[in-house]
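Each remark here refers to the structure printed beneath this line.
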């Protein structure tokens, strides 16, 4: 073996070690967040894992469920676990877009306008009861969620990284609410639902909150810089061309279902692709399996589908439509890489 060959092998080995170290570090960051949030949200580890996958994918999360199941607590626990700046926006019907983005105020002493940043100018933003704001105010989030920037009076202000919107809404009470339009829903990587606790979990919640809420004692377990590094590690996950095609077939099929008026967008396909990479990383793998894709189809795509009138009359849901698609689209088999 020549000196050049030995040098090349050394470079390959060192690159492989760096690859493994970065993947292990990202997994350690994700597991630390999961374990920390699980101290507050009892019995919902699967939902916490999905929320953490959303953080790894640099995606925004829509937490939708009935009142009192811990939507706001989950959002706060995630924010405290990763540190960084945090703000909460309590959406109401009388809010204006400037209440979200900020406003330029004239300074008489300096003779010029000064920008007063709104609550959106934080790294973690809790948009509580987002569907109570008018569509005009809801649209103030569109640019921030997609482009990580805010434009006020023709001036663009970049948002600090990482930037995450954790929105909550109640799907039961419709009086005084404004349903999120498709353009807004499509910007959420996942829609999560907590559900009611079991009998034993409810008793455990009594014990945990007997003296004080465990959220008050929750500490930061990672930094925003470490989270950004973990987000970059998704690039190291291998996705076989057959699995890429499998994801594309699932998304394409949603656009041709007879019960679907509007199928998933290319943004939805990218969301499923990235979420599958994060899911594999969380499982200790640097490659994606078809089962990873199947596990994330409903959280990433269900809220992006609009069913037609006949499907709603039949009582069908987006989740049922997607489950039907998964049974009809063959998953790729194993092959030599």
Fill in: Sole residue being under 30 Å from residue 199 (Cβ atoms) and modelled with pLDDT under 90, chosen from 65, 46, 21
65
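Of these, 264, 275, 248, which one is assigned to a helix (DSSP H, G or I) and buried (at least 18 other Cβ atoms within 10 Å of the Cβ)?
275
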Worksheet item: residue 201: in contact (Cβ under 8 Å) with a residue 24 or more places away in the chain and more than 23 Å from residue 55 (Cβ to Cβ), yes or no?
Response: yes
Worksheet item: Does segment 81-99 hold any residues that are part of a helix (DSSP H, G or I) and buried (at least 21 other Cβ atoms within 10 Å of the Cβ), and which are they?
Response: 81, 82
Fill in: Hits in segment 37-68 - residues which are more than 8 Å from the chain's Cα centre (by Cα) and assigned to a strand (DSSP E or B)
63, 64
Worksheet, complete the sentence: Given the conditions (1) without any contact (Cβ under 8 Å) to a residue 60 or more places away in the chain; (2) more than 18 Å from the chain's Cα centre (by Cα); (3) at negative phi, every one holds for residue 153 apart from (3)
Item to complete: Return yes when residue 180 is touching a residue at least 24 places away in the same chain (Cβ under 8 Å), part of a strand (DSSP E or B), touching a strand residue (DSSP E or B) at 6+ places or on another chain (Cβ under 9 Å) and surrounded by 13 or more Cβ atoms within 10 Å (Cβ to Cβ) and no when it is not.
Response: no
Fill in: Selected residue (only one of 287, 273 is in contact with a helix residue (DSSP H, G or I) (Cβ under 9 Å, 6 or more places away or on another chain), outside the structural domain of residue 32 (by TED's automatic domain parsing) and at pLDDT 95 or above)
273
Worksheet item: Is there a residue in segment 319-334 that is out of contact with any helix residue (DSSP H, G or I) (no Cβ under 9 Å at 6 or more places or on another chain) and more than 19 Å from residue 260 (Cβ to Cβ)?
Response: yes
Item to complete: Considering each of 301, 305, 270 in turn, give the residue that is within 15 Å of the chain's Cα centre (by Cα), surrounded by 23 or more Cβ atoms within 10 Å (Cβ to Cβ) and without any contact (Cβ under 8 Å) to a residue 60 or more places away in the chain.
Response: 301
Item to complete: With respect to residue 225, determine if the residue is part of a helix (DSSP H, G or I) and in the same structural domain as residue 186 (by TED's automatic domain parsing).
Response: yes
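The values are calculated or read from the model by the stated rules, or taken from the named source; none is laboratory data. What you see is a predicted model, and the numbers here were worked out from it, not measured in a lab. As a convention, Cβ positions derive from the backbone with ideal geometry for all residues, glycine included, and neighbour counts pool all protein chains shown.
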